[in-house]
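The block underneath contains the structure these notes are about, expressed in structure tokens.
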Amino acid sequence: MIKRKHSGSDLTIFSEMTALALKNFAVNLSQGFPDFEIDGRLKSFLANATQQDFNQYAPMSGNPLLVENLIEFNAKRKFPITLAKENITISPGASYGIFTALAAILQFGDEVIVLEPCYDSYVPSIEINGGTPVFVGMTEDFEIDFEALKNSINHRTRAIIINSPHNPSGKVLKEEDFHRLAALIEGSQIILISDEVYDLLTYDGHEFYSAFNHPKLKDQSLSIFSFGKMFHATGWKIGYVLGSEELTAAYRRIHQYLGFSVNSPAQQALANYLEVFDVEENRKLLQQKRDFFLEAFNGLPFTVRQKAEAGYFQILGFENISELADKDFAVWLTENAKVTSIPVSAFFQNVNDTKSVRFCFAKKEETVLRAAEKLKDFFK
Ligand code: PMP
Ligand code: GLN
């Protein structure tokens, strides 16, 4: 018998619901992956990179051109992030970045605070690395409950994981939140692990603020990004991790024995693409997709408690439709209306029902329309 190393599911909710969608020939708005084409230039850059013989190991910290272009890219943000190459490590995806950040800093028995609801890889990543997760609920509006957070910190607390823009709620933390986080952990051994994979996708004037923007937090944070989300190429599985020189060195101490080197032609292609990529156009494209989704689902018996401020997802309430618990509801909707979503309780450890489900709107308009038509037919 192999002893379990974590308390997560054997199959993630995203794989489970995608399989259920396929089995039922349902429109799959569950797992967060775009179904529209990536920019043709990115495809060409990848083909060129392999023709140009970027086919052997890249340096452990990353392709030098990609690192250089990321320094420039981050300096041009609305809230610029100033970086040296000692602050950046390319990673094979953000999940790996989060796992490796935890592996770098945790000793057996250390506590890590997670703010619920949260992305499903955090808790298993903490547990596999010998840590103990400590759960702190967000407010109903998906804001940080600073009082509860403060009360859960003790001498065993080694890290806090935050996620902004947030999955599943699409909420964006404000500069003021980072000031409060800085005040909470200043002078302590606590490291902030900041999952920032939806950094470029903020809507309606909401602005992304990185933990690395903060003059104090940047010495106590590892910020994690994903090209999969930035460029809608989730299958590329490449991201990057920002940290102080000391934290980056600790991160690389693990990374060099884990992934070591990240896909070389893809890194070269990403470096080339950063030189032509238009952040505003990209943001507008996704904001339009969120608006299109909300418009298409308008008139259905779901409720919108909060419009997504960012990211790929919109949470909708179903309290006017069914008494079922959210997981049962998501299964029922897939089997009967042929539209698949993710139950929001999947983002909690000990909550079985939220009366809400999450839909992915990073889809072609025809896909969203197909889902809306099926639901309109079903609920008429
Ligand atoms: N964090 C969050 C909040 C996510 O939604 C995802 C899902 N894509 C990830 C991390 C993982 O990103 P990647 O595919 O780059 O590992
Ligand atoms: N990040 C994706 C989501 O939230 C899922 C990735 C996965 O399948 N693990 O839907």
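The values are calculated or read from the model by the stated rules, or taken from the named source; none is laboratory data. Quick caveat: nothing in here was measured; it's all calculated off a predicted structure. Note that each Cβ is placed from the backbone with ideal geometry, even for glycine, and that neighbours are counted across all protein chains shown. Heavy atoms of the whole protein, side chains included, go into the accessibility calculation; ligands, DNA and RNA do not. Shrake-Rupley method; radii C 1.70, N 1.55, O 1.52, S 1.80 Å.
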Looking at segment 195-302, which GluC sites (Glu not before Pro) are in a loop (DSSP not H, G, I, E or B) and have at most 13 other Cβ atoms within 10 Å? E207, E275
Label Q107 and A47 with points 7 Å out from Cα along Cα→Cβ: what is the distance between them in nm? 5.4 nm
Give me the Kirkwood hydrodynamic radius of segment 187-278 in Å, from all C-alpha pairs, to one decimal place? 14.7 Å
Using just the alpha carbons, could you tell me how many Å³ per residue the convex hull of segment 255-380 encloses? 162 Å³
Virtual spin-label span in nm between R283 and D377, 7 Å along Cα→Cβ: 3.9 nm
What whole-number value in cubic angstrom gives the convex hull volume per residue for the C-alpha atoms of segment 246-285? 119 Å³
Any idea what log10 I(q)/I(0) is at q = 0.10 Å⁻¹ for the chain, Debye with uniform C-alpha scatterers and no solvent? -0.64
Can you tell which of G311, G93, G205 shows the greatest fluctuation in a Gaussian network model of the chain with Cα springs below 10 Å? G205
Charge dipole magnitude, Cβ of K and R +1, D and E -1 - segment 182-224, Cα centre, debye nearest 20: 200 debye
Per the Kirkwood treatment, what hydrodynamic radius in Å, one decimal, follows for segment 1-153 from the mean inverse distance over all distinct Cα pairs? 19.6 Å
Taking the reciprocal of mean 1/r across every pair of different Cα atoms in segment 22-82, the Kirkwood radius in Å is 15.5 Å
How much of the accessible area of segment 102-261, in percent, comes from carbon and sulfur atoms when a 1.4 Å probe is used? 48 percent
Over segment 58-143 - Rg/Rh using Cα atoms and the Kirkwood inverse-distance radius: 1.07
Enter the Cα centre distance for the pair segment 357-374 and segment 130-205, rounded to the nearest angstrom. 30 Å
Label point at F348 placed 7 Å out along Cα→Cβ; residues across segment 140-179 whose backbone nitrogen lies under 16 Å: 140-145, 168-169
Using a Förster distance of 25 Å, the FRET efficiency for T132-Q256 (Cβ separation, nearest 0.05): 0.40
Over the Cα atoms of segment 117-178, Rg to Rh with Kirkwood Rh, two decimal places? 0.95
Given the chain, what percent of its DSSP beta bridges are antiparallel, to the nearest 5? 45 percent
Accessible area expressed per residue, the chain, with surrounding protein chains retained (probe 1.4 Å, Å²): 44 Å²
Taking only DSSP H segments of four or more residues, each worth -39500 (n - 2.57), what value at 222 nm results for the chain once the sum is divided by all its residues, to the nearest 500 deg cm²/dmol? -11500 deg cm²/dmol
Could you work out the pair-distance distribution P(r) of segment 1-52 from its alpha-carbon pairs, with 5 angstrom bin width and percents rounded to whole numbers? 4, 14, 14, 12, 10, 12, 15, 10, 6, 2
Candidates L184, L11, L192: whichever shows maximal mean-square fluctuation once the chain is modelled as a Gaussian network with Cα springs under 10 Å: L11
Which percent of Cα pairs goes in each bin when the distances of segment 98-152 are cut into 10 angstrom slices starting at zero? 26, 48, 25, 2
Explain nothing, just the number: dipole magnitude of the chain about its Cα centre with +1 on each Lys and Arg Cβ and -1 on each Asp and Glu Cβ, in debye rounded to the nearest 20. 620 debye
